[in-house]
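The values are calculated or read from the model by the stated rules, or taken from the named source; none is laboratory data. If you're wondering where the values come from, they're calculated on a predicted model, not measured in any experiment. When we count neighbours, we look across all protein chains shown, and the Cβ atoms used for this are built from the backbone with ideal geometry, even at glycine. Side chains are part of the model used for accessible areas, which takes the heavy atoms of the whole protein and leaves out ligands, DNA and RNA. Shrake-Rupley method; radii C 1.70, N 1.55, O 1.52, S 1.80 Å.
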Amino acid sequence: MKFTKRTNRTMKSNNHIVTGQSPLEQLLFCLRNKKVDCVLLSSDQNVSLSFIDGINEAILFQASDFNLNQTAVQKLSSSLNEQTNRNGIWLSYLESRVLDVLVNDKSILITFDKSGKLIESLHGIGCFVIHLAELIKRAFPGIYHWVKELNLIAIEQKESKALDFIQNKNYHSVKVIKRKGQLDRVECEEKMPIDKRVIDIMRDAAFQSISINQEDGKAVHINRVVKQKL
């Protein structure tokens with residue numbers, strides 16, 4: 001499945017977006033629900049799909065073009081649609097990667113092996129790569145202009161790293177420190193089991209403070225504060 005270019009009416013914002021939503025939620029609503037015209041070049045058939053469904057189908061077509069069998073294509077499809085929580089919003093793996101391209105202007109590669117399993121690196125035999133930004137540009141040439149109409153503000157890299165530390169369940173306290181008005185570092189507090197060797201804890205991080213907490217004269221846990229630059 002491949003797509004031809006759309007008219008200027010493709011993906012225009014309108015008054016049907018639910019009020020009260022954040023710009024990111026508005027974008028997701030449109031990407032998931034607004035139908036756009038596309039052409040299946042393999043059959044010249046005109047169809048209407050949502051933006052996400054269109055990108056999903058284009059990736060799966062490319063996977064078939066790589067001679068992946070049907071079982072592998074189905075596994076890839078399942079992985080692309082696996083749900084995850086991102087800053088309090090549930091979205092699929094593919095939606096998350098699409099937002100990285102549209103909002104944060106990241107260069108995202110969809111990489112998978114011959115079994116259809118998504119992988120994080122380019123190493124290994126039988127590795128296939130799809131450049132998501134290039135695929136989006138070919139399929140939806142007006143999408144970047146349309147995203148700007150929503151006035152989305154990309155999260156800076158330091159803000160994104162700080163959020164990653166906040167969302168890490170291993171830390172029960174995260175302190176974000178600014179320097180001259182800019183994000184500088186985080187200090188993450190974590191409780192460690194008392195039977196873990198201090199020397200092993202010291203090897204885990206380059207900058208940290210370690211203390212041992214006692215109750216009724218008995219050591220109950222090791223407390224450490226890990227310091228990380230943003």
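How many residues are at pLDDT below 80 and open to solvent by 20 Å² or more (accessible area, probe 1.4 Å) if we restrict to the stretch 121-149?
Going through the stretch 121-149 one residue at a time, the tally reaches 14.
Screening the candidates LYS227, LYS196, LYS178 for the property of being open to solvent by 100 Å² or more (accessible area, probe 1.4 Å) and without any contact (Cβ under 8 Å) to a residue 60 or more places away in the chain yields one hit, LYS178. The single condition among (1) open to solvent by less than 30 Å² (accessible area, probe 1.4 Å); (2) touching a strand residue (DSSP E or B) at 6+ places or on another chain (Cβ under 7 Å) that ASN56 does not satisfy is (2). Can you find, within the stretch 69-109, the residue that is least open to solvent (accessible area, probe 1.4 Å) among those that are of a type in the set (Asp, Glu) and modelled with pLDDT under 90? The extreme case among them is ASP100.
Evaluating LYS114 against the criteria (1) open to solvent by 40 Å² or more (accessible area, probe 1.4 Å); (2) free of Cβ contacts under 8 Å to residues at least 40 places away in the same chain leaves one unmet condition, (2).
Taking the conditions exactly as written (out of contact with any Leu (no Cβ under 9 Å at 6 or more places or on another chain) and either at pLDDT below 80 or aromatic (Phe, Trp, Tyr) (or both)), does VAL174 satisfy them or not? It is false that VAL174 is out of contact with any Leu (no Cβ under 9 Å at 6 or more places or on another chain) and either at pLDDT below 80 or aromatic (Phe, Trp, Tyr) (or both). The residues in the stretch 199-212 that are part of a strand (DSSP E or B) and either outside the structural domain of LEU163 (by the TED database) or open to solvent by less than 60 Å² (accessible area, probe 1.4 Å) (or both) can be counted, and the count is 3.
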